[in-house]
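Trainee: There's a structure below that I have some questions on.
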Amino acid sequence: MIILRIENLNVFYGDFQAIRNVSLEIPQGSVVSLIGANGAGKSTLLKAVSGLQKPAAGKITYSGADITGLSPDKIVAAGISMVPEGGRVFPRLTVLENLLVGSYTPKARKKRNTLLEKVYELFPRLAERSRQLANSLSGGERQMLAIGRALMSDPRLILFDEISLGLAPRVIKDIYQRIKEINRTGTTIVLVEQDVKRSLKASEKSYVLLEGKVVLAGRSKELSEEEVRKAYFGL
């Protein structure tokens with residue numbers, strides 16, 4: 001089953017076209033990578049799906065329903081969460097307060113305690129630091145908190161935008177391990193990454209974007225690192 005389908009999507013920033021007739025499919029329960037250099041359109045695509053950027057044309061279908069152009073709160077309520085680039089959290093709120101912010105939808109509020117337990121089980125360090133202000137956390141801990149906050153909305157699909165940016169290799173490895181655990185529970189994952197090797201290893205299916213267009217797609221294990229790099233750089 002396809003949980004997310006994007007058809008002929010076009011997105012503009014003023015006169016600049018960031019996404020050009022992009023079509024892709026995300027199977028339910030899968031891990032899919034969107035690979036590309038800076039400016040390829042990866043983050044813009046996630047913003048369009050999450051309601052932060054309205055498409056000029058095209059269609060986004062989630063679980064059979066047309067969600068094109070819906071507001072971010074309705075997208076979250078439908079079951080899609082996004083972990084933004086750079087582990088963005090609310091710095092003047094505590095770890096616990098940040099997590100509770102993520103459970104603002106009626107469905108999530110009913111399960112708040114259960115969801116919180118799951119987040120703490122996945123990231124024990126967040127439980128240890130629950131009363132600390134978010135601005136006192138390390139970069140890796142902030143990224144954990146951003147993921148935990150996304151999980152608090154009880155999503156079926158999570159969009160991860162450049163989650164390894166600026167983090168130490170050991171921390172990145174740990175976070176990717178947690179993402180595998182999240183996926184094992186049935187949550188569908190979309191990963192936006194610049195790291196070709198890591199993206200192919202972590203995902204079942206990959207799309208390579210260049211200048212706002214999909215230039216290569218296929219099962220990750222069937223795509224060679226060399227052909228992905230060539231597509232990545234437009235060679």
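The values are calculated or read from the model by the stated rules, or taken from the named source; none is laboratory data. Predicted, not measured: the structure shown is a model, and the values here were computed from it. When we count neighbours, we look across all protein chains shown, and the Cβ atoms used for this are built from the backbone with ideal geometry, even at glycine. Please note that ligands, DNA and RNA were not included when accessible areas were found on the heavy atoms of the full protein model with its side chains. Shrake-Rupley method; radii C 1.70, N 1.55, O 1.52, S 1.80 Å.
Trainee: Using the basic label-point model (7 angstrom from Cα toward the beta carbon), what is the GLU97 to LEU133 distance in nanometres?
Mentor: 0.9
Trainee: A further question follows. I want the antiparallel fraction of DSSP beta bridges within the chain, as a percent rounded to 5.
Mentor: Values: 22 of 40 bridges.
Taking every DSSP beta bridge with both residues in the chain, the antiparallel ones total about 55 percent.
Trainee: Still on this structure, I have one more. Would you grab the residues whose amide H sits under 5 Å from the one on ILE3? Only those 5+ places off in sequence or on another chain, please, with H modelled 1.01 Å from N.
Mentor: Those qualifying (amide H under 5 Å, at least 5 residues apart or on another chain) are ILE26, GLN28.
Trainee: Identify which of ALA127, ALA150, ALA48 has the largest mean-square fluctuation in a Gaussian network model of the chain, with springs joining Cα atoms closer than 10 Å.
Mentor: ALA127
Trainee: A further question follows. Which of the residue pairs LYS111/LYS221; LYS54/LYS221; LYS111/LYS180 have a Cα-Cα distance greater than 27 Å in the structure shown?
Mentor: Working: LYS111/LYS221 37 Å; LYS54/LYS221 33 Å; LYS111/LYS180 23 Å.
Beyond 27 Å: LYS111/LYS221; LYS54/LYS221.
Trainee: Distance between Cα centroids, the stretch 158-235 to the stretch 83-115: provide it in whole Å.
Mentor: Centre-to-centre distance over Cα atoms comes out at 25 Å.
Trainee: Follow-up. How high is the relative contact order of the chain, in percent, with contacts defined as C-alpha pairs under 8 Å that are six or more residues apart?
Mentor: Working: 476 pairs, mean separation 64.7, N = 235.
Relative contact order of the chain: 28 percent.
Trainee: Here is a follow-up. Counting only residues 5 or more places away or on other chains, whose amide H sits under 5 Å from the amide H of VAL214 once H atoms are built in the peptide plane?
Mentor: Distant-sequence amide H within range of VAL214: SER23.
Trainee: Put +1 on the Cβ of every Lys and Arg and -1 on every Asp and Glu Cβ in the chain; which of LEU100, LEU159, ALA48 then has its Cα farthest towards the positive end of the dipole?
Mentor: Farthest towards the positive end: LEU100.
Trainee: Right, another one. Run the numbers for ASP15 and TYR104: contour at 0.36 nm per residue of separation, minus the present Cα-Cα distance, in nm. Before the final figure, lay out the partial values.
Mentor: Values: separation 89, 0.36 × 89 = 32.04 nm, distance 3.55 nm.
That pair, ASP15 and TYR104, stretches by 28.5 nm at full extension.
Trainee: Then there's this: Which sequence of LEU157, LEU122 reflects their accessible areas, 1.4 Å probe, from the largest down? Could you put the intermediate results ahead of the total?
Mentor: Numbers: LEU157 0, LEU122 20 Å².
Solvent-accessible surface, decreasing: LEU122, LEU157.
Trainee: Determine the share of the stretch 28-130's accessible area contributed by carbon and sulfur atoms, expressed in whole percent, with a 1.4 angstrom probe.
Mentor: Values: 2540 of 4920 Å².
C and S fraction of accessible area: 52 percent.
Trainee: Report the trypsin sites (Lys or Arg not before Pro) located in the stretch 44-106 that are in a DSSP loop and have at most 13 other Cβ atoms inside 10 Å of their Cβ, or state none. All intermediate terms of the calculation are to be shown ahead of the outcome.
Mentor: Details: sites: LYS47, LYS59, LYS74, ARG88, ARG92; in loops: ARG88, ARG92.
Filter output for the stretch 44-106: ARG92.
Trainee: Give me the accessible area per residue for the chain, probe 1.4 Å, as a whole number in Å².
Mentor: Roughly 48 Å² per residue, with all protein chains present.
Trainee: Percent antiparallel among DSSP beta bridges with both residues in the stretch 74-191, to the nearest 5?
Mentor: Values: 1 of 9 bridges.
Bridges in the stretch 74-191 that DSSP calls antiparallel: roughly 10 percent.
Trainee: Using DSSP to define loop residues, name the trypsin sites (Lys or Arg not before Pro) in the stretch 111-188 whose beta-carbon has at most 10 other beta-carbon atoms within 10 Å.
Mentor: Details: sites: LYS111, ARG112, LYS118, ARG125, ARG129, ARG131, ARG142, ARG149, ARG156, ARG170, LYS173, ARG178, LYS180, ARG184; in loops: LYS111, ARG129, ARG131, ARG156.
Taking the stretch 111-188 and a limit of 10 other Cβ atoms within 10 Å, the loop trypsin sites (Lys or Arg not before Pro) found are ARG131.
Trainee: Okay, next question. State whether the stretch 117-161 is rounded, prolate or oblate according to the following rule on the C-alpha gyration tensor (a ≥ b ≥ c being the square roots of its eigenvalues): a/c under 1.5 gives rounded; otherwise a/b larger than b/c gives prolate, and the remaining case gives oblate.
Mentor: On the way: a/c = 2.33, a/b = 1.45, b/c = 1.61.
Here the stretch 117-161 falls in the oblate category.
Trainee: To the nearest 20 debye, what charge dipole does the chain have about its Cα centre, counting +1 at the Cβ of each Lys and Arg and -1 at the Cβ of each Asp and Glu? If you can, show how the numbers build up before the last one.
Mentor: Details: 35 positive and 24 negative charges, 115 e Å.
It comes to approximately 560 debye.
Trainee: Moving to a separate point now. Run lengths n ≥ 4 of DSSP H only: what is the helix-derived mean residue ellipticity at 222 nm for the chain, with -39500 (n - 2.57) per run over all residues, to the nearest 500? Write out the running numbers ahead of the final one.
Mentor: Numbers: 10 runs with 89 residues, N = 235.
My calculation for the chain gives -10500 deg cm²/dmol from helical runs alone.
Trainee: Assuming R0 = 41 Å, what is the FRET efficiency of LYS111 and GLN194, from their Cβ-Cβ distance, to the nearest 0.05? All intermediate terms of the calculation are to be shown ahead of the outcome.
Mentor: Details: r = 35 Å, r/R0 = 0.85.
Once the sixth-power term is evaluated, E becomes 0.75.
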